[in-house]
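Chemist: The structure is given below, and queries will be raised subsequently.
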Amino acid sequence: NAGVTQTPKFQVLKTGQSMTLQCAQDMNHNSMYWYRQDPGMGLRLIYYSASEGTTDKGEVPNGYNVSRLNKREFSLRLESAAPSQTSVYFCASSARTGGYEQYFGPGTRLTVT
Amino acid sequence: LAKTTQPISMDSYEGQEVNITCSHNNIATNDYITWYQQFPSQGPRFIIQGYKTKVTNEVASLFIPADRKSSTLSLPRVSLSDTAVYYCLVGDWGIMNRDDKIIFGKGTRLHILP
């Protein structure tokens, strides 16, 4: 089992460019999440998907869109990147939402210049 | 989810037992307490979860008093490799209301010295 995989590992964008971060899990989990982590800070929830076909906003959704493509895959899109979106992005999955144990991917380090 | 408060940082020495306390005064009846560990450049990793009294696994113990307004993560005989950030979360299993946000906060930065 690969667990949670994310692509790409690193990305540099110019202000205004768009890109999609990909996430996939092979644990048959219902719920998936996208977080961002800024230097020295905790993780902040961007969006989550409680189950296939549903998505909902987290703490910091502005500037992002998500797609739950199927049960395995959950993508995060930046339509017009801004320097404030420079961060490390983590995808996670869990059997169910709420207090269930979450499994995290290795992260994508994004720099917007 | 209930808001949590943890110390920002702690130092300890190899071989000692480390206790990290988390306050969660507004914990709800159905909430569980979960701890995660994060190493630099990695995603958080689940350590332990509990509801009341004491839970122990091969990595740590979790102590929860009767009023459940706080919890203590205990790491026995720490080593240099236990240097990491530790997060305490409180939430209900399987419930994610519209106003619930999974809040990791800044966690506790634990530094183990030789």
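The values are calculated or read from the model by the stated rules, or taken from the named source; none is laboratory data. Since the structure is predicted, the reported quantities are computational estimates derived from the model, not experimental observations. Don't worry about glycine lacking a Cβ; one is built from the backbone with ideal geometry, like all the others, and counts go over all protein chains shown. Each accessible area value is taken on the protein alone, full model and side chains, heavy atoms only, with ligands, DNA and RNA left out. Shrake-Rupley method; radii C 1.70, N 1.55, O 1.52, S 1.80 Å.
Chemist: About the Cα centre, and with charges only on the beta carbon of Lys, Arg (+1) and Asp, Glu (-1), how big is the dipole of chain A? Nearest 20 debye, please.
Modeler: In debye, rounded to 20, chain A gives about 160.
Chemist: How high is the relative contact order of segment A:51-94, in percent, with contacts defined as C-alpha pairs under 8 Å that are six or more residues apart?
Modeler: Here the relative contact order equals 29 percent.
Chemist: To continue, here is another question. Leaving out ligands, DNA and RNA, what percent of the accessible area of the protein assembly as shown is carbon and sulfur, probe 1.4 Å?
Modeler: Carbon and sulfur atoms account for 49 percent of the accessible area of the protein assembly as shown.
Chemist: Using only alpha carbon positions, build the gyration tensor of the protein assembly as shown, then give the equivalent ellipsoid semi-axes as the square roots of 5 times its eigenvalues, largest first, whole angstrom.
Modeler: Semi-axis lengths for the protein assembly as shown are 30, 21, 15 Å.
Chemist: Looking at B:48, B:30, B:104, which one has the Cα that reaches farthest to the positive end of the dipole of chain B (charges on Cβ: Lys, Arg +1; Asp, Glu -1)?
Modeler: Going by the Cα projections, it comes out as B:30.
Chemist: Report the Cα-based extents of chain A along its three principal axes, largest first, to the nearest Å.
Modeler: Cα extents, longest axis first: 37, 24, 23 Å.
Chemist: Looking at segment A:41-113, which chymotrypsin sites (Phe, Trp or Tyr not before Pro) are DSSP coil and have at most 12 other C-beta atoms within 10 Å of their C-beta? Each step should come with its number before you reach the end.
Modeler: Numbers: sites: A:47, A:48, A:64, A:74, A:89, A:90, A:100, A:103, A:104; in loops: A:100.
Nothing satisfies the criteria.
Chemist: Also: Relative contact order (percent) for segment A:3-79, with alpha-carbon contacts under 8 angstrom and 6 or more residues of separation? Can you show the working numbers first?
Modeler: Values: 147 pairs, mean separation 23.1, N = 77.
Averaging sequence separation for qualifying contacts and normalising by length gives 30 percent for segment A:3-79.
Chemist: OK, next. Quick one: compute the contact order of segment B:38-83, relative version, from alpha carbon pairs under 8 angstrom and 6+ residues apart, as a percent.
Modeler: About 24 percent, as a whole number.
Chemist: Please report the buried accessible area for the interface of B with A, total over both chains, probe 1.4 Å, in Å² to the nearest 100. Please report the intermediate quantities before stating the final value.
Modeler: Values: alone 6940 and 5970 Å², together 10940 Å².
Chains B and A together bury approximately 2000 Å².
Chemist: Among the listed pairs A:57/B:69; B:52/B:106; A:9/B:52, give every one whose C-alpha distance is greater than 31 Å. Numbers along the way, then the final one.
Modeler: Numbers: A:57/B:69 28 Å; B:52/B:106 24 Å; A:9/B:52 39 Å.
The answer is A:9/B:52.
Chemist: Also: Taking N as the number of residues in segment A:43-105, what is its Cα Rg relative to 2.2 N^0.38 Å?
Modeler: The value comes to 1.11.
Chemist: Return one whole number: the accessible area per residue of segment B:21-68 in Å², for a 1.4 Å probe. It would help to have the intermediate numbers written out before the result.
Modeler: Working: 2510 Å² over 48 residues.
Roughly 52 Å² per residue, with all protein chains present.
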